[in-house]
Amino acid sequence: MKKMIKSLVAVAPLAALLVVLPVQAQYKVVYPDGRVTYTDTPPPPSSGAKVTKLGENISVVPQTPLPLELRTVASRYPVTLFTTKTCAPCDTARAFLRQRGVPYSEKIVVSTADVDALERLTGARQAPSLTIGAQALQGFASDTWGSYLDTAGYPRESKLPATYQNPAATPLTEPPQTAKANTPDAKPAEVTPAVPQQQTPGGIRF
């Protein structure tokens, strides 16, 4: 009887550990607003959050795996679309990429800092713009964009899974962190939005 009691005492901690382990957090989630949470269920791609699986050396956990053909070309020549909040050609460019089935990330030009970053990345202050790997394209032109996507190896017809969702669009640059003043009348620094100065058939220039 004493041996049985000792055996039960020895097994009890292990049994408790087995009960606890399945409910421990498996993912670290960093949302666009900087909020960090730990969970055992990753959020949907539409949240725009960066998901890291704990214990593994990977940065993002894919929500819907891409077919091998797309996964290979997207890793070699990732596509990034640069847009503004109010821009009809940007909507057309976005629809073009979705119809063709190109997985892409979207960066929104919101502030003057974004405009400067856009020029550094694409060589122009124009939206929509597109980068395919290191190749930058300014202004939307379906024939030109399609030709470069063909050259990169993207399929001409969509191969995306029906459940695939592109990550949510995020600002091109991080907003500046301003220190809070101790006085109640202090106001946060205002960010001047980028104002289109010239309308062109392929998009807008800043």
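The values are calculated or read from the model by the stated rules, or taken from the named source; none is laboratory data. Model, not experiment: these values are computed from the prediction. Note that we place each Cβ from the backbone using ideal geometry, even for glycine, and neighbour counts take in every protein chain shown.
Any chance you could count how many residues in the stretch 73-129 are free of Cβ contacts under 8 Å to residues at least 12 places away in the same chain and either in contact with a helix residue (DSSP H, G or I) (Cβ under 7 Å, 6 or more places away or on another chain) or not aliphatic (A, V, I, L, M) (or both)?
6
Quick one: which residue in Thr84, Thr41 is surrounded by 13 or more Cβ atoms within 10 Å (Cβ to Cβ), over 19 Å from Leu160 (Cα atoms) and either in the same structural domain as Ala141 (by TED's automatic domain parsing) or at pLDDT below 90 (or both)?
Thr84
Which numbered condition in (1) within 25 Å of Pro45 (Cβ to Cβ); (2) assigned to a loop (DSSP other than H, G, I, E, B) is the only one that Ser105 fails?
Among (1) within 25 Å of Pro45 (Cβ to Cβ); (2) assigned to a loop (DSSP other than H, G, I, E, B), the lone unmet condition for Ser105 is (2).
Being surrounded by 15 or more Cβ atoms within 10 Å (Cβ to Cβ) and part of a helix (DSSP H, G or I) is the filter; apply it to the stretch 120-145 and report the residue that is modelled with the highest pLDDT.
Filtering first and then ranking leaves Trp145.
If you scan the stretch 67-81, which residues turn out to be under 13 Å from Gln135 (Cβ atoms) and surrounded by fewer than 13 Cβ atoms within 10 Å (Cβ to Cβ)?
Across the stretch 67-81, the qualifying residue is only Arg76.
Is it the case, given these coordinates, that Val73 is under 30 Å from Gly153 (Cβ atoms), touching a Lys or Arg at 6+ places or on another chain (Cβ under 9 Å), β-branched (Val, Ile, Thr) and modelled with pLDDT of 75 or more?
No; evaluated as a whole, the condition is false for this residue.
Pull up the stretch 130-158, narrow it to residues that are among the hydroxyl-bearing types (Ser, Thr, Tyr) and touching a Ser or Thr at 6+ places or on another chain (Cβ under 9 Å), then point me to the one that is farthest from Pro89 (Cα to Cα).
Across the stretch 130-158, the extreme among qualifying residues is Thr131.
Which one of the conditions (1) within 26 Å of Val51 (Cα to Cα); (2) modelled with pLDDT of 95 or more; (3) part of a helix (DSSP H, G or I); (4) not charged (D, E, K, R) does Tyr148 fail to meet, given that it meets all the rest?
Status for Tyr148: all satisfied but (1).
Looking at (1) in contact with a strand residue (DSSP E or B) (Cβ under 6 Å, 6 or more places away or on another chain); (2) buried (at least 18 other Cβ atoms within 10 Å of the Cβ); (3) at pLDDT 95 or above, find the lone condition where Leu172 falls short.
With respect to (1) in contact with a strand residue (DSSP E or B) (Cβ under 6 Å, 6 or more places away or on another chain); (2) buried (at least 18 other Cβ atoms within 10 Å of the Cβ); (3) at pLDDT 95 or above, Leu172 is out only on (3).
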